[in-house]
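The values are calculated or read from the model by the stated rules, or taken from the named source; none is laboratory data. Quantities reported herein were computed from a predicted structural model and do not represent experimental measurements. Glycine gets a Cβ as well: all are built from the backbone with ideal geometry, and neighbour counts include every protein chain shown. Just the protein is used for accessible areas: all its heavy atoms, side chains included, with ligands, DNA and RNA removed. Shrake-Rupley method; radii C 1.70, N 1.55, O 1.52, S 1.80 Å.
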Amino acid sequence: MRRLEELFNRYKDPYSDMILAEGVSVLCSDLQVEPQDIVTLVLSWHMNAATACEFSKEEFFGGLQALGIDSIGKLQEKLAFMRSELKDEQKFYEIYNFAFGWAKEKGQKSFALDTAIGMWQLLFAEREWPLVNHWCDFLQDRHNKTISKDTWAQLLEFARTVNPLLSNYDAEGAWPYLIDEFVEYLYDKSVVDK
Amino acid sequence: MYRETIIDFEQGCKCLEAGVSELKRILEEETSETRIDPKQYLELYTTIYNMCIQKHPHDHSQRLYNKYHDIVEHYAKKTVLPCVQQKHDEYLLRELSRRWDHYKVFVNWLSHFFNYLERFFIPQRNYPSLLEVAMKSFRDRVYLEVQVNAKDVVIALIDKEREGAQIDRELVKNVLNVFVQSGMGTIEKYKEDFEMFLLEDTESYYARKASRWIQECSCPEYMIKSEESLRKEKERVIHYLHSSTECKLVEIVEKELLVSVAKHLLEKEHSGCSALLRDDKVDDLSRMYRLYHPIPKGLEPVADAFRIHVAREGNALIKQAQDAAANGSLVEAQVLVGKIIDLHEKYMVYVLDCFKNHTFFHKALKEAFKVFCNKKVGGSSSAELLANFCDSLLKKSGKSDEAIEATVDNVVKLLDYISDNDLFAEFYRKKLARRLLFDHHKVNKEHETIMITKIKRQQGGQYTSKMEGMVTDMQLAKEFQKGFKGSLTAKPGGIDLAVTVLNTGFWPSYKTSTDLNLPREMVECVEAFKSYYGTKTNQRKLRWLYSHGTCHVIGSFDPKPIELVLSTYQAVVLCLFNNTERLTYQEIIEQLNLSHEDLVRVLLSLSCAKYRILNKEPASKSISTTDVFEFNSKFTSTMRRIKVSIPPPPIDERKKVVEDVDQDRRYAIDACIVRIMKSRKVLPHQQLVSQCVEQLSRMFKPDIKMIKKRIEDLITRDYLERDAKNHHIFNYVA
């Protein structure tokens, strides 16, 4: 317990009981990972952190205790394990959906487009989805607005269940409007044959 | 007579045989004297009688019964059959008929002689009756041998009759009676040995006719021939066929002549259904209905052809209007809508008259109209055109109530065909507002009410509530004005003021210009009304629409004073010139606080248009911010009063209406989705969408994409959520 206290104090912000952006950078360099590395997302997920680049005391303690860690060394060792968690279907699903709340602006209900695209690139680097680049192109080309929570969640469903040739895509289904538009876009650009 | 002596069986038979031979001889001679000698008759009767009542072992009833059987058998086999078999064709039938009649007489006589058997012995033993025995013998000995040939001859005769020859109908009838009777109480022999073959023959006969006629004849000619054939076949049944054959025969004729060629017939190029409608061939169309009505599913192709034709006509009308619009000419709503109404009336006559008010044809008419009544012409939707039509109609004076009612009935029917009802309501409301506010001299309140009432009856009260509110407002305003006038001791500002108060909820939204600086006199007016209104109502806020007011101003021009009918804006600008002769644009705009666009329009109307009330420097055709204006004291006109019109602001009204309606639709869809989900709690996507469409269909045809978007919006607003396991299902979030 005391070791966690020490660890926390190393990173915490001088004026509040939180680890903020500065502290996170230090943490990352201690762990020898880039701040944009997806493993930070996994770590945040374990801590159930409310927002990116911020950890409250409860979140920090809770997460590390759950992982059975009380030192940087142990945390570093756990990194490989955390990366592997992304390969697990169910965990990836939870982490993906967690990412929405975590990465968006505090107080906003939806994702800014740039943030969303960044997150998608990051996440789908871990789990191959052949259409991810087309999706991001499409959004920048045609959408230019924020991404709702529903669209975020449904996109994963889409990537998981609909094959890249769209042969099992049900146009009458309950897919969000944006995804229907995406399918139209793919046909228009002859990425997929109708 | 009481006899002592016993009659021996052989003895009795001899007597019997003698009698039978006598019968045969009489029959053969076929004289009118077909009577037996009474003495012989009695002898025969008594002999048999006695043989039956004799005591055992001389009671010969059973042997007599058998003897009877032998007699009839013998007659049938040895007399009747050979005679018939010798003949052919029609002679066969004649012989058969003749022998059949003889047989019946023969059996009848015998039944008298053997009467005792019939009454006592047969019922006792429960044996077949004498008649039954006789019929059976005829059937087995004669009928079975000759029925095939007889049948062939009969059918050949029928075919001959079909081709126009005269045949002996009584003969055929009698022969067919043999078939019927041979069924021994059932109709089976007739059906199996004759009817079946007749139907087969009929089928191939009419199949041949159909294929020939369909090539050679026009549609009306073909139908006449068909009608004739059906009539003749029915007649045939009455005259010599068994009544049970009728429906089967008719069915076959209908099938061969009408059903199998239906498509070919109805679609005949120059004489088919379409052509008949085009050429107004009422009789032929009625015949078509008559012929196809009794056939199951027979009317469907006819109704279809009707629908296609009407849709084609309607589309042609629309295309004509669309082409004219593309060429630059204005879309004349009156003309087009009038033509559509005429089209509707024209084809409704057919539905009521030729097609006997049948639901299929009402439906076909409705569907046809729905197809083209929803097409756009020159950028205007049909809803807008219809609203324009109503506007022109209600502005016309001099029409009687009946004439208006008739036209309005037609309008309301067309409204039913238009899928964007709500769009019509919006356009109508806008136009109604303009009529009530600006053309109130032309407004005929009864006519307006007639229109709204009829629309209400079809579309419901909610649809027309705002329109009704507007009309009522005008009425209330008039009465309120009376009260206002009565309360005044003097004219405020020396002006005759009339105010119309509009209920915001009912009327279209207008931009207000409360910042306008009114001249002192007008301010007095406004204040006077405000205070009166405050005494009469509770806590209501008035927003003044100066943009919509009218002002009568006396212009004191040098030649003569002229009354000017102006908009309030125009009046306000001119009043500035009461204090000075010249004003610059800048001064005007600063003093009045009008928007630039509004002021430009006003100044144009006063200085560059028909009437030069103001002089402008420089005297160009447009207004610039550096212009200077001067009161034109030299202005004059032959009239004592002139209306200085001002063109309305160039807002794209149509665009605004469409936007407003879209907005309303979004709310309607939201409310609908929430309502459905609240009651169902859980619902798959497909069903939610289809229920939504159904519930809203009264007002408009919702766009599926829009529904999807609204669903997503409601998810974001936490009214709905997707089911965790199946993302195609939604849950209501309480």
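To the nearest 10, the accessible area of B:I340 is 20 Å² with a 1.4 Å probe.
Solvent-accessible area lost on pairing B with A (1.4 Å probe, both sides summed) amounts to about 1300 Å². Enter the angle in degrees (range 0 to 90, nearest 10) between the Cα long axis of helix A:113-126 and the first principal axis of the Cα atoms of chain A, meaning the one along which they spread out most. Tilt of helix A:113-126: around 80 degrees.
Between the chain alone and the structure with every protein chain in place, find the residues of region A:96-119 that drop at least 10 Å² of accessible area; heavy atoms, 1.4 Å probe. Flagged in region A:96-119: A:K109. Using every Cα-Cα pair within region B:168-252, state what percent have a distance larger than 22 Å. In whole percent, the share of Cα-Cα pairs in region B:168-252 beyond 22 Å is 33.
Take every Cα pair under 8 Å whose residues are at least 6 apart in sequence, average their separation, divide by the length of chain A, and the relative contact order is 16 percent.
When ligands, DNA and RNA are left out and all protein chains stay put, how many square angstrom of accessible area per residue does region A:147-194 have with a 1.4 Å probe? Averaged over the residues of region A:147-194, the accessible area is 46 Å².
Each eigenvalue of the Cα gyration tensor of the protein assembly as shown, multiplied by 5 and square-rooted, gives one semi-axis; in descending order these are 96, 53, 26 Å.
Between the beta carbons of B:Q124 and B:L42, assuming R0 = 25 Å, the FRET efficiency works out to 0.50 to the nearest 0.05.
Taken along the Cα-to-beta-carbon direction at a fixed 7 Å, the label points for A:T146 and B:E246 span 8.0 nm.
Tell me the carbon and sulfur percent of the accessible area for region A:1-85, rounded to whole percent, probe radius 1.4 Å. Carbon and sulfur: 52 percent of the exposed surface of region A:1-85.
Placing a label point 7 Å from the Cα of B:A609 along the Cα-to-Cβ direction, the residues of region B:638-667 whose backbone N falls under 15 Å of that point are B:642-651. Averaged per residue, region B:48-102 has 51 square angstrom of accessible surface, using a 1.4 angstrom probe with ligands and nucleic acids left out.
Rg/Rh, computed from the Cα trace of region A:31-153 with Rh as the Kirkwood radius, has the value 0.98. Region B:124-203 and region A:1-80 have Cα centres lying 107 Å from one another.
One quarter of the surface of the convex hull around the alpha-carbon atoms of region A:1-85 equals 4.8 nm², the direction-averaged projected area. Could you list the residues of region A:101-128 with an amide nitrogen less than 16 Å from a label point located 7 Å from the Cα of A:A21 in the Cα-to-C-beta direction? It comes to A:103-106, A:115, nothing else.
Between the helical axis of B:144-162 and the dominant principal axis of chain B, each derived from Cα atoms, what acute angle in degrees is found, rounded to the nearest 10? The angle comes out at about 40 degrees.
Distance between the 7 Å Cα→Cβ label points at B:T537 and B:L144: 10.5 nm.
At a Förster distance of 35 Å, what's the computed FRET efficiency of B:R520 paired with B:D439, Cβ-Cβ distance as r, to 0.05? Don't skip to the answer; put the middle values down first.
Numbers: r = 31 Å, r/R0 = 0.88.
The calculated FRET efficiency here is 0.70.
Counting only Cα atoms, the size of chain B along its three principal axes is 159, 61, 56 Å, in decreasing order. The long axis of helix A:89-103 is offset from the longest Cα principal axis of chain A by roughly 80 degrees.
The Cα trace of region A:89-189 gives Rg and Dmax of 13.0, 39 Å, the first to one decimal, the second as a whole number.
Comparing each chain alone with all protein chains together (probe 1.4 Å, DNA, RNA and ligands left out), the residues of region A:145-194 losing at least 30 Å² of accessible area are A:D150, A:Q154, A:E172, A:A174, A:W175, A:Y177. Once all protein chains are placed together, B:H264 keeps about 90 Å² accessible to a 1.4 angstrom probe.
When a 1.4 Å probe is rolled over the protein heavy atoms, the share of accessible surface on region B:245-320 that falls to carbon and sulfur comes to 52 percent.
For region A:89-189, the relative contact order works out to 28 percent when only alpha carbon pairs closer than 8 Å and six or more residues apart are counted.
By how many nm would the segment from B:S21 to B:A406 grow when fully extended, if each residue of separation counts as 0.36 nm and the alpha-carbon distance is taken off? Write out the running numbers ahead of the final one.
Values: separation 385, 0.36 × 385 = 138.60 nm, distance 8.94 nm.
Going from the current span to full extension adds 129.7 nm.
With the highest mean first, a sort of the peptides B:374-381, A:160-167 on other beta-carbon atoms found within 10 angstrom per residue produces B:374-381, A:160-167. Taken over region B:340-452, the alpha-carbon convex hull comes to 109 cubic angstrom per residue.
Kindly state, to the nearest 0.05, the FRET efficiency for B:T636 paired with B:E227, given R0 = 56 Å and r defined as their beta-carbon distance. Provide the component values of the computation, followed by the final result.
Values: r = 81 Å, r/R0 = 1.45.
It comes out at approximately 0.10.
Tell me, what % of the accessible area of region B:530-645 is carbon and sulfur with a 1.4 angstrom probe? It would help to have the intermediate numbers written out before the result.
Working: 3300 of 6640 Å².
Exposed carbon and sulfur together represent 50 percent of the surface.
The heavy atoms of B:V250 present about 20 square angstrom of accessible area, all protein chains included, probe 1.4 Å.
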